[in-house]
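K.L.:
My structure is below; once you've seen it, I'll send some questions.
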Amino acid sequence: MPNDDWLSTTHSLSLYDISRAPSIAADMSHVATAGEVNGYISEKLGNALQGTKIVIIAAGIPQKPNIVRVDLFNTNAPIIRDLAQAISEDAPEAHILIISGSSSLLHYT
């Protein structure tokens, strides 16, 4: 049996999405853990970030065959920028992991 220690140390999981987070949170709340799962929609980003220690950003549009990496970056960068700004205001001590198309171009900016 795998080590389930993370289940006992995760007290709260906040999900944020412009529209679907509440339904995804409802599905995830069925995981056998004592922690709570909450979903927040667009105008509730600050609420989702309250007390957060780790933020995982999986945002932006995926790369399609006709989109070059720079154009993908230019589309996704404002999304990441706005989320990072909110994190700096509402969860300044949080560690951040960014999963987004063409984030490899970030080191050029």
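K.L.:
Counting only other residues whose beta carbon sits under 15 Å from that of Ala84, what net charge do I get with K and R as +1, D and E as -1?
P.N.:
-3
K.L.:
Something else about it: With the Cα gyration tensor of the stretch 16-56 giving a ≥ b ≥ c as the square roots of its eigenvalues, does the rule (a/c under 1.5 for rounded; else a/b larger than b/c for prolate; else oblate) give rounded, prolate or oblate?
P.N.:
Note, shape of the stretch 16-56 comes out oblate.
K.L.:
Determine the sum of side-chain charges near Ala48: Lys and Arg each +1, Asp and Glu each -1, restricted to other residues whose C-beta is under 14 angstrom from that of Ala48. Spell out each step's value before the answer.
P.N.:
Values: positive: Arg20, Lys44, Lys53; negative: Asp17, Glu36, Glu43, Asp82, Glu89, Asp90.
Spelling it out: positives minus negatives among the neighbours equals -3.
K.L.:
With Cβ to Cβ distances under 14 Å as the rule, what net charge do the other residues near Ala58 carry (K, R +1; D, E -1)?
P.N.:
Every neighbour counted, the sum reads 0.
All of the numbers you see were taken from the coordinates with simple rules; none came from a lab. Here the structure is a predicted model, which means the values were calculated and not measured. So basically every Cβ, Gly included, is an ideal-geometry build from the backbone, and we count neighbours across all protein chains shown.
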